[in-house]
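*Asks:* Here it is, the structure in full.
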Amino acid sequence: MKVLIVYCHPSPQSFIAQLREDVRSALERAGHEVALLDLYAAGFSPTLTGDEWAAYNSGVIPPDVQPYVDQLQGAEGLALV
């Protein structure tokens, strides 16, 4: 199964970072294909401008968001850390 781990924490030495690695390791040992999306490393901003909100409501996916959409659509499983 293709599993996408979506991770979001600013500190690489945090408990959550270790949890991410434990989750990845367990999934790989179980034979899953694992991809990691590190939102901090990607510079992802969760805020929307008014124009982005209007575009979202019209069904248009902004080009800078499309790679995230593609990753989510390609996943068969999702782990949020």
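*Asks:* Quick one: in the range 46-61, of everything that is among the polar types (S, T, N, Q) and under 21 Å from Gln73 (Cα atoms), which residue is nearest to the chain's Cα centre (by Cα)?
*Replies:* Quick first cut of the range 46-61, residues among the polar types (S, T, N, Q) only: 47, 49, 57-58.
This time we only want the ones that are under 21 Å from Gln73 (Cα atoms), so: 57-58.
On the way: Asn57: 22, Ser58: 23 Å.
This residue is Asn57.
*Asks:* Considering each residue of the range 1-36, count those that are of a type in the set (A, V, I, L, M) and touching a helix residue (DSSP H, G or I) at 6+ places or on another chain (Cβ under 9 Å), and give that number.
*Replies:* Here is the first cut: in the range 1-36, the ones of a type in the set (A, V, I, L, M) are 1, 3-6, 16-17, 19, 23, 26-27, 30, 34-36.
With touching a helix residue (DSSP H, G or I) at 6+ places or on another chain (Cβ under 9 Å) added as a condition, the list becomes 1, 3-6, 34-36.
Going through the range 1-36 one residue at a time, the tally reaches 8.
*Asks:* So Thr47 fits all but one of (1) under 14 Å from Val81 (Cα atoms); (2) assigned to a loop (DSSP other than H, G, I, E, B); what number is the exception?
*Replies:* Going through (1) under 14 Å from Val81 (Cα atoms); (2) assigned to a loop (DSSP other than H, G, I, E, B) one by one, Thr47 breaks only (1).
*Asks:* Now, a different point. Could you figure out which of (1) among the hydrophobic types (A, V, I, L, M, F, W, C); (2) over 20 Å from Ala75 (Cα atoms); (3) outside any helix (DSSP H, G or I) isn't true of Ala17?
*Replies:* It is condition (3) that Ala17 fails.
Taken together, the values in this text are just the output of simple stated rules run on the coordinates, not laboratory data. Everything numeric here is computed off the predicted structure, so don't read it as measured data. Cβ: placed from backbone, ideal geometry, glycine included. Neighbour counts: every protein chain shown.
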